[in-house]
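K.L.:
One structure, as structure tokens, below. Some questions next.
Bear in mind that the values in this text are calculations on the coordinates, not laboratory data. Note that the structure is a prediction, hence the values are computed from the model and not measured. Note: ideal-geometry Cβ built from the backbone for every residue, glycine included; neighbour counts use all protein chains shown.
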Amino acid sequence: MSNSLEIYKETLDAAQNNPAGLKNYYLQLVTTVFYELITNKTSPLISFFCQMNIQNFTPKNFQLQPAQIGFNRQTSFDMYVIIFGFNVVIYENLDSALKVYEIYKQNIFRGVPLQENYFQTLIKNLAALDEGLGKFLKNPDDPDKDFLQNLNALSENRHAADEKIIAEIKKIQLALQEELPRLQGTLKTISDIRDGIDFKVTAEPINQLIQLFDKLHETLQRHPQADAQKGYEILLRRCKNFSRFIEQALAMLGAQLIKEINIPLNPDMHEISDAVHPSAQAKVSKILRVGLIYKGQILRKAEVEIVEPENFFGGKSS
């Protein structure tokens with residue numbers, strides 16, 4: 001599994017060639033940093049950022065390691081937006097972190113320096129990151145360590161599978177090196193095979209995670225009472241935290257949930273709960289069961305309710 005610093009370097013390259021895809025890179029960076037700080041108590045990217053920009057910061061709840069790589073460009077603005085987004089993930093959710101990206105997307109990952117008056121805010125954000133991480137790790141109402149251990153095991157298993165696949169591909173590439181110019185078609189086939197193997201390796205754990213997400217989501221929907229007793233409130237809080245962990249784990253695996261509302265109905269992504277015949281103007285009004293996209297393929301559609309726009313006379317469009 002790539003670490004956050006490797007993903008950041010890949011993101012900088014992508015910013016030169018494919019700026020339209022930077023939103024997914026930002027989400028991957030934020031969730032990978034989250035995973036690293038929770039499981040390893042350190043993050044190569046945060047260490048690199050602090051070394052390059054804020055050398056005197058000493059965290060209490062995670063560690064800074066010497067960075068092993070440097071970039072000949074400004075990184076302070078990127079540091080500001082990524083740490084801001086990470087704090088939003090801790091205190092809110094992934095969707096809110098993407099709103100942070102939308103605000104700063106014109107300048108992030110483009111070597112823009114941070115203005116001097118923002119550096120004090122950057123230091124405060126680092127302190128908030130440290131404090132929020134400490135509360136998250138010490139809060140007894142958060143998910144047990146078992147989930148983190150299972151998530152870490154899932155990551156290690158996937159990494160081991162990736163290493164095995166890479167080793168096999170290297171053997172094939174060495175055998176074909178002399179005939180490479182006339183075997184471009186064969187290399188394309190090898191790439192497709194690797195993608196297929198990777199899909200099979202990760203599709204099953206993703207399906208298991210989404211089933212857990214469904215159960216928690218259903219529990220939270222059925223029990224919204226505001227006057228619940230303390231033990232009941234703790235149960236709901238744990239379910240919400242566990243649900244958030246699952247969503248972040250799916251994001252780290254490259255999976256995307258279909259859960260947006262107030263968007264046009266798309267038969268390829270949405271399945272209507274009632275036996276109705278929607279118009280072309282129908283919109284998604286409620287998500288009954290989230291859908292899932294992985295590597296551009298829809299593993300399952302989202303089950304939704306829809307609303308039809310009102311026509312000129314005040315009725316629903318047919």
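K.L.:
How much length would be gained if the chain were fully extended between Asn56 and Leu299, taking 0.36 nm per residue of separation minus their Cα-Cα distance, in nm to one decimal?
P.N.:
82.8 nm
K.L.:
Count charges around Thr32 for me, please; just the other residues with Cβ under 12 Å from its Cβ, Lys/Arg as +1, Asp/Glu as -1.
P.N.:
Summing Lys/Arg as +1 and Asp/Glu as -1 gives -3.
K.L.:
By count of other Cβ within 10 Å, fewest leading, how are Val304, Val89 ordered?
P.N.:
Val89, Val304
K.L.:
May I pose another question? Taking the Cα centre of segment 4-138 as origin, work out the dipole magnitude from +1 charges on Lys and Arg Cβ and -1 charges on Asp and Glu Cβ, in debye rounded to 20.
P.N.:
The dipole magnitude comes to about 140 debye.
K.L.:
From the Cα gyration tensor of segment 4-138, with a ≥ b ≥ c the square roots of its eigenvalues, which class applies: rounded if a/c is under 1.5, or else prolate if a/b is larger than b/c, or else oblate?
P.N.:
Rounded, because the longest to shortest axis ratio a/c is under 1.5.
K.L.:
On to the next question. Would you mind computing, in nm to one decimal, how far apart the modelled labels at Leu212 and Leu236 are, each placed 7 Å from Cα along Cα→Cβ?
P.N.:
2.3
K.L.:
Let me ask you something else. For segment 77-117, just say rounded, prolate or oblate: build the C-alpha gyration tensor, square-root its eigenvalues into a ≥ b ≥ c, call rounded for a/c under 1.5, and beyond that prolate if a/b exceeds b/c, oblate if not.
P.N.:
In terms of gyration-tensor shape, prolate.
K.L.:
Here's a follow-up. Based on the alpha-carbon gyration tensor of segment 258-307 and its eigenvalue square roots a ≥ b ≥ c, which shape applies: rounded if a/c is under 1.5, prolate if not and a/b is larger than b/c, or oblate?
P.N.:
prolate
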